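Q: Following this message is one structure expressed as structure tokens.
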Amino acid sequence: MKAQKPGLHPRNRHHDRYDLPALCKDIPALAAFIVANPAGEQTINFADPDAVKTLNQALLAHFYQVKAWNIPDGFLCPPVPGRADYMHHLADLLTEANGSLPQNASVLDIGTGANLIYPLIGSHEYGWRFTGTEVSAEALTAAQAIIDANPGMSRQIRLRRQKDEQAILAGMIHKNEFFEAMVCNPPFHDSAESAREGNERKRRNLGQQKHETLNFGGQNQELWCEGGEVAFIRKMIAESREYGRQVMWFTSLVSRGDNLPMLYSALTEAGAVKVVKKEMAQGQKQSRFIAWTFLDEDKRRRFVVRAR
């Protein structure tokens with residue numbers, strides 16, 4: 001019997017161990033990265049960034065019909081199962097507004113990155129339409145290349161450049177534009193040095209040498225900002241007040257649980273009407289996202305109709 005990965009959402013497609021032969025049928029290049037673990041089972045070398053990127057290509061092709069996906073070297077290569085969990089828990093949150101999932105929901109992805117992972121999964125699983133924002137011109141170019149390489153994807157996903165690097169939401173939500181939800185994977189570290197130290201810990205855990213490339217990559221704007229994720233999310237909370245009638249649920253990943261009290265305090269100060277925490281887990285890795293809204297229950301019900 002295949003072992004399940006504990007903690008994943010029931011609708012997550014990645015409960016079972018990876019079926020590498022099936023994935024190789026979609027992306028034959030994956031076969032070159034298959035190795036045997038100490039138990040003699042097939043796996044890939046997760047310390048090899050090329051192996052991880054090719055695995056992502058195969059997962060996206062096999063489960064989400066993304067036939068062309070690539071990112072430039074050094075950009076964040078996110079784990080697909082965990083990112084899918086965010087989308088499924090978000091779907092549960094949106095369903096609570098009126099008892100059923102809003103049809104053709106619009107979602108704003110802050111910092112969509114070169115990988116475009118949330119729009120790719122969310123549009124396939126739920127038919128959502130995404131607007132992805134990004135400060136990096138190179139990341140935006142790579143993300144647009146993914147859209148252009150997959151027929152029909154431009155109907156589901158559009159991109160916007162955030163030209164003001166000091167802003168998060170300002171200018172990204174246009175007048176008379178409505179979103180059922182906003183999602184975000186904020187930069188975690190508070191400095192470049194902290195990011196490097198975190199990378200070194202991951203290298204050691206993966207058995208890598210110092211000169212080797214980190215398997216998941218990441219550009220500066222993806223990995224760190226002054227004040228870390230608390231400062232970034234608090235700024236996003238402060239900006240969100242201006243758009244409280246245009247976005248039903250603002251959400252963000254929070255990597256460290258002990259950061260939550262500071263964020264809850266900021267949400268109280270901002271006047272959030274309701275705050276929700278969604279816990280997620282993949283194996284030993286624990287994560288969560290918080291969601292906040294400035295709309296009461298009745299307004300959230302009417303928002304679903306108005307946003308259409």
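The values are calculated or read from the model by the stated rules, or taken from the named source; none is laboratory data. Only a predicted model underlies this, so the values are computations on that prediction, with no experimental measurement involved. When we count neighbours, we look across all protein chains shown, and the Cβ atoms used for this are built from the backbone with ideal geometry, even at glycine. Heads up: the accessible areas ignore ligands, DNA and RNA and are worked out on the full protein's heavy atoms, side chains in. Shrake-Rupley method; radii C 1.70, N 1.55, O 1.52, S 1.80 Å.
Q: Looking only at region 103-139, count every residue that is open to solvent by 10 Å² or more (accessible area, probe 1.4 Å) and on the phi > 0 side of the Ramachandran plot and tell me the total.
A: So the count comes out to 3.
Q: Hey, another quick one. If I ask for residues that are open to solvent by less than 60 Å² (accessible area, probe 1.4 Å) and more than 26 Å from the chain's Cα centre (by Cα), which ones from region 23-33 would you list?
A: Quick first cut of region 23-33, residues open to solvent by less than 60 Å² (accessible area, probe 1.4 Å) only: 23-24, 26-27, 29-31, 33.
Of everything in region 23-33, just one residue is open to solvent by less than 60 Å² (accessible area, probe 1.4 Å) and more than 26 Å from the chain's Cα centre (by Cα), namely 31.
Q: Quick check on residue 234: is it at pLDDT 95 or above, over 15 Å from residue 184 (Cβ atoms) and out of contact with any strand residue (DSSP E or B) (no Cβ under 6 Å at 6 or more places or on another chain)? Step through it out loud before you land on a result.
A: Details: at pLDDT 95 or above: yes; over 15 Å from residue 184 (Cβ atoms): no; out of contact with any strand residue (DSSP E or B) (no Cβ under 6 Å at 6 or more places or on another chain): yes.
In short, no.
Q: Oh, and also: What tally of residues in region 37-50 results from selecting those that are without any contact (Cβ under 8 Å) to a residue 40 or more places away in the chain and either open to solvent by less than 20 Å² (accessible area, probe 1.4 Å) or in contact with a Ser or Thr (Cβ under 7 Å, 6 or more places away or on another chain) (or both)?
A: If we filter region 37-50 for residues that are without any contact (Cβ under 8 Å) to a residue 40 or more places away in the chain, which is where we start, we get 37-45, 50.
The next check asks that each one be either open to solvent by less than 20 Å² (accessible area, probe 1.4 Å) or in contact with a Ser or Thr (Cβ under 7 Å, 6 or more places away or on another chain) (or both); those that pass are 37, 44.
Residues flagged as without any contact (Cβ under 8 Å) to a residue 40 or more places away in the chain and either open to solvent by less than 20 Å² (accessible area, probe 1.4 Å) or in contact with a Ser or Thr (Cβ under 7 Å, 6 or more places away or on another chain) (or both) within region 37-50 amount to 2.
Q: Looking at region 11-22, which of its residues are open to solvent by 80 Å² or more (accessible area, probe 1.4 Å) and modelled with pLDDT under 95?
A: The answer is 17, and nothing else.
Q: Give region 83-96 a look and list any residue that's buried (at least 22 other Cβ atoms within 10 Å of the Cβ) and either touching a Pro at 6+ places or on another chain (Cβ under 8 Å) or at pLDDT below 95 (or both), or say none. Steps first, please.
A: Going residue by residue through region 83-96, those that are buried (at least 22 other Cβ atoms within 10 Å of the Cβ) are 84-87, 90, 94.
Correct list: 94 only.
Q: Filter region 234-274 down to the residues that are open to solvent by 80 Å² or more (accessible area, probe 1.4 Å) and among the hydrophobic types (A, V, I, L, M, F, W, C) and list them by number.
A: The answer is 262, 273.
Q: Among residues belonging to region 148-182 that are among the polar types (S, T, N, Q) and open to solvent by 30 Å² or more (accessible area, probe 1.4 Å), point out the one that is farthest from residue 236 (Cα to Cα). Step through it out loud before you land on a result.
A: Narrowing region 148-182 to residues among the polar types (S, T, N, Q): 150, 154, 156, 162, 166, 176.
Remaining after also requiring open to solvent by 30 Å² or more (accessible area, probe 1.4 Å): 154, 156, 166, 176.
Values: 154: 27, 156: 25, 166: 11, 176: 20 Å.
Once the filter is applied, the top-ranked residue is 154.
Q: When region 15-29 is examined, which residues are found to be among the acidic types (Asp, Glu) and closer than 12 Å to residue 62 by Cα?
A: 19, 26
Q: Still on this structure, please answer the following. What number goes with the only condition from (1) open to solvent by less than 10 Å² (accessible area, probe 1.4 Å); (2) assigned to a loop (DSSP other than H, G, I, E, B); (3) more than 24 Å from residue 233 (Cα to Cα) that residue 100 does not pass?
A: Only one criterion in (1) open to solvent by less than 10 Å² (accessible area, probe 1.4 Å); (2) assigned to a loop (DSSP other than H, G, I, E, B); (3) more than 24 Å from residue 233 (Cα to Cα) is unmet by residue 100, namely (1).
Q: Can you pull out every residue in region 165-184 that is within 17 Å of residue 143 (Cβ to Cβ) and part of a loop (DSSP other than H, G, I, E, B)?
A: Answer for region 165-184, where residues must be within 17 Å of residue 143 (Cβ to Cβ) and part of a loop (DSSP other than H, G, I, E, B): just 172.
Q: Anything in region 64-75 that is surrounded by fewer than 19 Cβ atoms within 10 Å (Cβ to Cβ) and on the phi < 0 side of the Ramachandran plot? List them, or say none. Lay out the reasoning, then the answer.
A: So in region 64-75, the residues surrounded by fewer than 19 Cβ atoms within 10 Å (Cβ to Cβ) come out as 65, 67-68, 70, 72-74.
67, 68, 70, 72, 73 - these are the residues of region 64-75 that are surrounded by fewer than 19 Cβ atoms within 10 Å (Cβ to Cβ) and on the phi < 0 side of the Ramachandran plot.
Q: Can you pull out every residue in region 116-164 that is part of a loop (DSSP other than H, G, I, E, B) and not hydrophobic (A, V, I, L, M, F, W, C)? Full working, then the answer.
A: Quick first cut of region 116-164, residues part of a loop (DSSP other than H, G, I, E, B) only: 116, 127-128, 135-136, 150-152, 156, 162-164.
If the condition is that a residue be part of a loop (DSSP other than H, G, I, E, B) and not hydrophobic (A, V, I, L, M, F, W, C), then 127, 136, 150, 151, 152, 156, 162, 163, 164 are the ones that fit.
Q: Shifting gears a bit: Which pairs turn up if I take residues in region 258-275 that are modelled with pLDDT under 95 and look for partners that are assigned to a helix (DSSP H, G or I) and surrounded by 14 or more Cβ atoms within 10 Å (Cβ to Cβ) with beta carbon separation below 7 Å, at least 6 apart in sequence or on another chain?
A: So the pair list comes out as 259/229; 259/230.
Q: When you check residue 145 against the structure, is it at pLDDT 95 or above, open to solvent by 40 Å² or more (accessible area, probe 1.4 Å), of a type in the set (A, V, I, L, M, F, W, C) and more than 16 Å from the chain's Cα centre (by Cα), yes or no? Write out each step before concluding.
A: Details: at pLDDT 95 or above: yes; open to solvent by 40 Å² or more (accessible area, probe 1.4 Å): yes; of a type in the set (A, V, I, L, M, F, W, C): yes; more than 16 Å from the chain's Cα centre (by Cα): yes.
Criteria met by residue 145.
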